[in-house]
1. Can you tell me how many residues in the range 352-369 are part of a loop (DSSP other than H, G, I, E, B) and open to solvent by 40 Å² or more (accessible area, probe 1.4 Å)?
2. Checking the conditions here, which among Leu426, Leu400, Leu372 is farther than 30 Å from Thr323 by Cβ, open to solvent by less than 30 Å² (accessible area, probe 1.4 Å) and either in contact (Cβ under 8 Å) with a residue 40 or more places away in the chain or part of a helix (DSSP H, G or I) (or both)?
3. Go over the candidates Asp54, Asp89 one by one and state the one that is open to solvent by 20 Å² or more (accessible area, probe 1.4 Å), within 34 Å of the chain's Cα centre (by Cα) and farther than 24 Å from His120 by Cβ.
4. For the range 235-279, which positions are touching a Pro at 6+ places or on another chain (Cβ under 7 Å) and hydroxyl-bearing (Ser, Thr, Tyr)?
5. Go through (1) within 23 Å of Leu179 (Cα to Cα); (2) in contact (Cβ under 8 Å) with a residue 12 or more places away in the chain; (3) charged (D, E, K, R) one by one and return the number of the condition Asp324 breaks.
6. Within the range 325-345, how many residues are open to solvent by 70 Å² or more (accessible area, probe 1.4 Å) and either closer than 22 Å to Ala365 by Cβ or modelled with pLDDT of 90 or more (or both)?
7. Restricting attention to the range 367-385, which residues are among the polar types (S, T, N, Q) and within 20 Å of Val331 (Cα to Cα)?
8. Which residues, counting only those in the range 93-108, are open to solvent by 40 Å² or more (accessible area, probe 1.4 Å), closer than 12 Å to Leu60 by Cβ and in a strand (DSSP E or B)?
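The values are calculated or read from the model by the stated rules, or taken from the named source; none is laboratory data. Not measured: the values here are computed from a predicted model. Quick reminder, even Gly has a Cβ in these numbers, built from the backbone with ideal geometry, and neighbours come from all protein chains shown. When the accessible area is computed, the model is the full protein with side chains, heavy atoms only, and any ligands, DNA or RNA have been set aside. Shrake-Rupley method; radii C 1.70, N 1.55, O 1.52, S 1.80 Å.
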Amino acid sequence: MPSNPSDSVDDKTLTIISNKPHALLPFLQSQSATSLSRLYQSPSSCLSIFRLLDSVERQLVMNLLWLESAISLNTMGAWVVPDKKKIYDDALDILSRLHILHIHSGKLSLNTTFKTSLRHAITGGFGVPAEKDEKRPPMDIEGLDGYALERWETILHFMVSSGTGQNPTRPSQGVLYLLQRSGLMSNQHGSLPQITSAGFQFLLHHPHAQLWDLLLQYLHMAEERQMDLVEVLTFFFMLSTMELGREYLTENLSQTQKAMLDDLRDYGLIWQRKASSRRFSPTRLATTLTSSSPSLPTSTGTASSSQQGFIVLETNYRVYAYTDNPLQTAVLNLFVSLKYRFPNLVVGSITRDSVRRALNNGISAEQIISYLTAHAHPQMRKFNPLIPVTVQDQIRLWELEKERLRSQEGYLYTAFASQADYEFVLNYAKQLDVVLWENNPKRCFFGSLEGHSNIRNFIERRTSGVD
């Protein structure tokens, strides 16, 4: 979250993240060879995809990039140590499914289009900025960072505050539709949209992953909106290779890409002086789409405190949150009963009612515990376990308490004339698999609503003597 869990991602975190394939790669693998071939005509797209690859995959691409002819599989395999062969095979498989690598007649070669574009990206450059306008200078980097942070936090703050009686700033209709399509918010009860279990899990991710979660859903919606998917992807990749703090002309964009400008402004990826402006500036959210750099500024105090952790939790369920960030406070309010608020401290308690409120909103006990763990104050990290066991157990027990009773509509069958009649009808109901409960000593059982008509007809036939 901006000014949230990982506004600044350290090297250790990046190492952990890099072990998992980037969220966009499975989406690209599902595209046709024709679409990928069009995409690979853009140097910025090839460079961006190259950045998203794992280190072994990047090494394979670089080994083949400057070769003019195919190389034997045996020759390439000779560079691999035996105990790492599975990693090598997996890398070949991923590159093949992305149509970056061709394997034919025992030889390896790069996709010709991809190779040409990536060579151009590395040696030739692309994305020439617009000439500076002395009368209207572009927004500086600090201003772009503030704009991106404000737009992004508006989205997250609305997610955690909507439906709680607060009145957060409402994002654009396009953003709201995207949040609901992504399953991060829901208004299934006809009320204002409220955060879902998936939405709360979304808040636990770092900003880079959050942004790609939304952009992937945007890509899935592109075809519904009759947008050219390749041009949408190309524009994302183009933005990721642009220079922060520079302006670019919209006249070089396709019609699809120009239509995207409104959406990207709402997400905080680009800044324009006004909607009709012929210039735009990418923000840090856009220029770091395919890099390991932080997606949001980290110079603010709130960001650094969130990175270190800000929550102290006592065994008496009392919570002390050392933060002045409204977004972090709003997230805590989802499952903590807040008591006091000071300039840099929020005090509250985890209670049965506050946890049940969170559970009713689709937030699980494990997600609450995960959030408390992820944001624990450095002083708490001296303890093992990090979160007091009594608090963890109680939160889980409150969840089990909610799931203890389950209601189901049906019919109770009782007052049978004999044990034989009871067993005869019960066995028939069991054959239909509609028995929800039975009590043999009292000769009664409870059947589901769907099975009632069959059971009733069976009893009527037996009573009238018809088999």
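1. Filtering the range 352-369 for residues part of a loop (DSSP other than H, G, I, E, B) gives 361-364.
Okay, now just the ones that are also open to solvent by 40 Å² or more (accessible area, probe 1.4 Å), so 361.
The qualifying residues number 1.
2. After ruling out the rest, the residue left standing is Leu426.
3. Working: Asp54 fails: farther than 24 Å from His120 by Cβ.
Of Asp54, Asp89, the one residue that is open to solvent by 20 Å² or more (accessible area, probe 1.4 Å), within 34 Å of the chain's Cα centre (by Cα) and farther than 24 Å from His120 by Cβ is Asp89.
4. Tyr248
5. Single failed check for Asp324: (1).
6. 6
7. So the first thing to find is which residues in the range 367-385 are among the polar types (S, T, N, Q), and the list is 367, 370, 373, 379, 384.
Gln367, Ser370, Thr373, listed by residue number.
8. Ile103
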